[in-house]
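Accompanying notes for the structure given below.
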Amino acid sequence: MSKPTTLTDKLAKARVPSHPHVADRAKRGLMAFVTSTGASAEVVQQLADGSAAQGIGRIGLSALTPGGLACQRGCAFCCILSGEDGGTITEAEAVALYDALAPLAGAADGRDWHPDACPSLDPDTRTCRAYDARPMICRAYVSTDVEACKRVAEGEPADGPGTLEPYHTYLAAIGLSRAALKGTKRVATYALSRLAAAAVEGETRDAALNKARHAPSELDAELRRSKRDLSRAT
């Protein structure tokens, strides 16, 4: 009789379209998480809602001390979002962001400062009203040049802004979690800007999540973009 396939077995076999060293780091983080806590229903849920990936990303960020950053309170050019997506976030991040913004429904938001700004912004101070609940994409996006941020916000390419590597590890961890749980548990991702807009416009949490939920192909597309960005950087 064959041995039952365990969650660690599934993670070991999981593949993701990411840069090899990033995928390896993400897999090692997930394996350590599962083996240290056991494959309980709670652990499976943390893989599914992205809490595990988020934790791996935050640990990576906490170990970094990047220098020469131009980021300052109220700068906010990085919060002018392109398209209707605004960035990929997990279910755990989407719920936390919704809960932080829902009490502000009906108030002026970032779009009163700039039509493409994140709804999480205060339009007067240009500071994030959901700062403690901000997702990995916000925590990992930094810049060494404010003028470059302005140009990027206007749709022009410029050197200076970019995402720190723990964001890419976090993305790979989401993809690996999805591969390991395929057929047993859904691992969804969400559009940051759509979720934030739904929250400040007074939508219910369920309606906001439904409106912001990505098609399954979007995570793979974001992983491929991540791999291209890292390949260009190296």
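The values are calculated or read from the model by the stated rules, or taken from the named source; none is laboratory data. Quick caveat: nothing in here was measured; it's all calculated off a predicted structure. Because the Cβ atoms are built from the backbone with ideal geometry, glycine has one as well, and the counts that use them run over all protein chains shown.
Computed values, structure above
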| read-out | value |
| --- | --- |
| Those residues of segment 202-226 which are more than 28 Å from R15 (Cβ to Cβ) and exposed (fewer than 15 other Cβ atoms within 10 Å of the Cβ), in sequence order | G202, T204, D206, A207, N210 |
| Members of segment 102-127 found to be within 16 Å of C75 (Cβ to Cβ) and surrounded by fewer than 22 Cβ atoms within 10 Å (Cβ to Cβ), listed by number | W113, H114, D116, D122, P123, D124, T125, R126, T127 |
| Selected residue [within 19 Å of C118 (Cβ to Cβ), part of a loop (DSSP other than H, G, I, E, B) and in contact with a helix residue (DSSP H, G or I) (Cβ under 9 Å, 6 or more places away or on another chain)] from E203, E222 | E203 |
| Residues of segment 200-234 satisfying the condition of being basic (K, R) and under 20 Å from S120 (Cβ atoms) | R205, K211, R213 |
| Scope segment 5-29; condition β-branched (V, I, T), in a loop (DSSP other than H, G, I, E, B) and buried (at least 20 other Cβ atoms within 10 Å of the Cβ); matching residues | V16 |
| Members of segment 94-121 found to be assigned to a helix (DSSP H, G or I) and not aliphatic (A, V, I, L, M), listed by number | Y98, D99, P103, G110, R111, D112 |
| For T65: the one exception among (1) in a loop (DSSP other than H, G, I, E, B); (2) touching a Ser or Thr at 6+ places or on another chain (Cβ under 8 Å) | (2) |
| Neighbours by Cβ (under 7 Å, 6+ apart or cross-chain): first from segment 129-148, farther than 15 Å from I89 by Cα and touching a residue at least 60 places away in the same chain (Cβ under 8 Å); second among the aliphatic types (A, V, I, L, M) and not in a helix (DSSP H, G or I) | V142/L69; V142/L164; S143/L69; S143/A70; T144/L69; T144/A70; D145/A70; V146/A70 |
| Boolean, Y190 is part of a strand (DSSP E or B) and at pLDDT 95 or above | yes |
| Pairs where the first residue, in segment 207-234, is free of Cβ contacts under 8 Å to residues at least 40 places away in the same chain and the second is assigned to a helix (DSSP H, G or I) and surrounded by 14 or more Cβ atoms within 10 Å (Cβ to Cβ), C-beta under 7 Å, 6+ apart | A207/A198; K211/R194; K211/A198 |
| Any hit, segment 21-29, residues being modelled with pLDDT under 95 and within 30 Å of D124 (Cβ to Cβ) | no |
| Selection count where residues are touching a helix residue (DSSP H, G or I) at 6+ places or on another chain (Cβ under 6 Å), of a type outside the set (A, V, I, L, M) and assigned to a helix (DSSP H, G or I), scope segment 140-178 | 9 |
| Boolean, G175 is over 30 Å from A39 (Cα atoms), in contact with a Leu (Cβ under 7 Å, 6 or more places away or on another chain), in contact (Cβ under 8 Å) with a residue 12 or more places away in the chain and crowded, with 19+ Cβ neighbours inside 10 Å | no |
| Selection count where residues are surrounded by fewer than 19 Cβ atoms within 10 Å (Cβ to Cβ), among the aliphatic types (A, V, I, L, M) and more than 25 Å from A172 (Cβ to Cβ), scope segment 57-101 | 1 |
| Check on R111, under 30 Å from D24 (Cα atoms) and basic (K, R) | no |
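For (1) in contact with a Ser or Thr (Cβ under 9 Å, 6 or more places away or on another chain); (2) within 25 Å of G55 (Cα to Cα), each residue gets a yes or a no:
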| site | (1), (2) |
| --- | --- |
| R139 | no, yes |
| V142 | yes, yes |
| G160 | yes, no |
| L164 | no, yes |
| Y167 | yes, yes |
| G175 | yes, yes |
| T184 | no, yes |
| D206 | no, yes |
| A215 | no, yes |
